[in-house]
Amino acid sequence: MSINTNEADMVRTSTNRGHASKTAAQAIYGSLSSSSSVSAANGSVGHIGRTDNRMCGWFPDSGKMSPVRRTFCLFVTFDLILTFILWVIYTQLIGDSSVWEAFTKQLAGFTIYSSLFDTVMLAAMRFSFLLLGYALFRLDHWWVIALTTFLTCGYLLAKSFLFDFKENNNNPLSYVVLIISFVLAWAETWFLDFKVIPVEKKHRDRVNRDHHYASERSRLIGDSEQGVMSGEDNEYYSPLVTPDGSDDEGEHRGGFQTPRRGHSRQEQDFVKQARETMDITLEMLNLEDGWKYQAGNDLEQGVVHSMFFKQYNRKVFRLQAIMNLEPKRIWEELAYGTNSSPQWNPTLTECRTLETIDDNTEISYSIAAEAAGGLVTSRDFVNVRCWGVRDGVFLSCASGTTYPDMPPQKKYVRGENGPGGLILKAMKDDPNKCELTWFLNSSLKGWIPQSAVEQGLSGFLLDYLKYLSQRLEEIRNQEGS
């Protein structure tokens, strides 16, 4: 009776703590949502700042001008001032008797044949149209800049034929004024079309996604609180899969962070992706027809097949082999020893855990070594990794994802992995051996055609099998001694 009472007290205490934590989370989130910044889980605001620091503090429909558009307007103003200064210097250089007579001749006696004051008027026309369209009305279309550039180029082209350079003593500055006017007009076009419009569009799309995510997260917190109040036991999240007899699992998790029980919306999305990756990998295992032979002689040395999948618009490669070690031991090495795999796998230069979601799911980052004598540069990958036991087989799967704290790096090409992974199944006639199946679903991106990449993937799979066999031989020797 005493034991039951204590258990009831523990349940009530846990429920009260859960309710208090959910209430606090909702209060904190509400205070963040009411601020002027966009809130998102796991540093999404920091991600916005890292992507383009110039856009910090500007949001669509906020009434403020974006920094990149403000720079464009300053450049248009600079165009007018520079053209005017060059014209003033030119006018003073051509003055015979006095400067004022030269100015009077340029203005009052203006002709297209002898005066360059029209270049100042062109700059004033560009200034008026562009600031009216892109500063006052905040247009997001290129038609205004196209009109001003077209008029400027057409007029300067005609003036180049009609202007009498000899009458102006072939003054070098007359050439400079015409050329500068032409270059500035095209520079403004390039800056708007390749900087202002794309950067603002990208930022608007990102902020809209964050707003949507924030509203979904707010709804999720409210639903979670109702679940606690109604006595539901969905406060804690169970791992994806847990293998039988894995009590000693912790000793293989050196260096991992402590998994958290309360999952954010982003973490739940990662876990959902992990489950789907396992489901798709098992579906590939059950596909018997459609695989085409690529390389390999027998299962002892490895055999590679491939099949084209329309949903990925590329081939998925399948490696099959028989390994001389029990499946659980190989699975432990592949699931928990990934961070040390570059020590025995020379195709990788780095592999590390970015975040541990739960006991069976993590976000990992890996860098593939250069290939073909440096012709294929290093690629990096960000994946959702998951592992566990399903239907009596051991799995270690992964698929590419976007992680805010690891944006694309300048010195690497970001590759993309579709759902795939390794499956280990014990052989019926010999439990100390297993069947290994690896589904490789990868795109290296960059300028290399996917067809050229696919030609080399069969050799890559067989090389990996060789390195893995050498590693397993080391494990047998270490455990045997």
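Read-outs throughout are calculated quantities, based only on the coordinates presented, and are distinct from any laboratory measurement. On a predicted model such as this, the values are computed, not experimentally measured, just so you know. Every residue, glycine among them, receives a Cβ derived from its backbone with ideal geometry; neighbour counts consider all protein chains shown.
Quick notes on this one:
- When only Cα pairs below 8 angstrom with a gap of at least 6 residues are kept, the stretch 67-211 shows a relative contact order of 33 percent.
- Checking the cross-link pairs 202/445; 272/428; 272/315; 159/201; 201/410 against a 31 Å limit on the alpha carbon distance flags 272/428; 159/201 as lying beyond it.
- Computed log₁₀ I(q)/I(0) - Debye formula, equal Cα scatterers, no solvent, the stretch 116-180, q 0.16, 0.17, 0.26, 0.29 Å⁻¹: -0.60, -0.65, -1.11, -1.26
- Charge tally for residue 412 (other residues, Cβ to Cβ under 15 Å; Lys, Arg +1; Asp, Glu -1): +2.
- The relative contact order of the stretch 287-480 comes to 21 percent, based on Cα pairs under 8 Å that sit 6 or more residues apart.
- Amide hydrogen neighbours beyond the local backbone of residue 348, cut-off 5 Å, H modeled: 369
- For residue 313, net neighbour charge (Lys/Arg +1, Asp/Glu -1) across residues whose Cβ lies under 14 Å away: +2
- Table column - 3J(HN,Hα) (Hz), the stretch 320-334, Karplus curve with 6.51, -1.76, 1.60, x for Gly and Pro: 10, 7, 9, 10, 8, 7, 4, x, 5, 5, 5, 4, 4, 5, 6
- log₁₀ of I(q)/I(0) at q = 0.09, 0.19 Å⁻¹ - the stretch 67-211, Debye sum with one point per alpha carbon: -0.34, -1.06
- Value of Rg to Rh for the stretch 397-481, rounded to two decimals, is 1.08; Kirkwood radius and Rg both from alpha-carbon coordinates.
- In sequence order, the stretch 177-188 has phi-based couplings of 4, 5, 5, 4, 4, 5, 5, 5, 4, 6, 5, 5 Hz under the Karplus curve 6.51 cos²θ - 1.76 cosθ + 1.60, θ = phi - 60°, and Gly or Pro positions carry x.
- All C-alpha pair distances within the stretch 287-480, sorted into 10 Å bins from zero, spread as 8, 35, 39, 16, 2, 0 percent across the bins.
- Working note: Cα gyration tensor of the stretch 259-394, eigenvalues times five, square-rooted, sorted largest first, giving semi-axes of 26, 21, 18 Å.
- Entries of 411/433; 292/328; 292/411; 328/411 with Cα pairs more than 32 Å apart: 411/433; 292/411; 328/411
- Ranked by how many other beta carbons lie within 10 Å on average, peptides 84-94, 396-406, 160-170 from highest: 396-406, 84-94, 160-170
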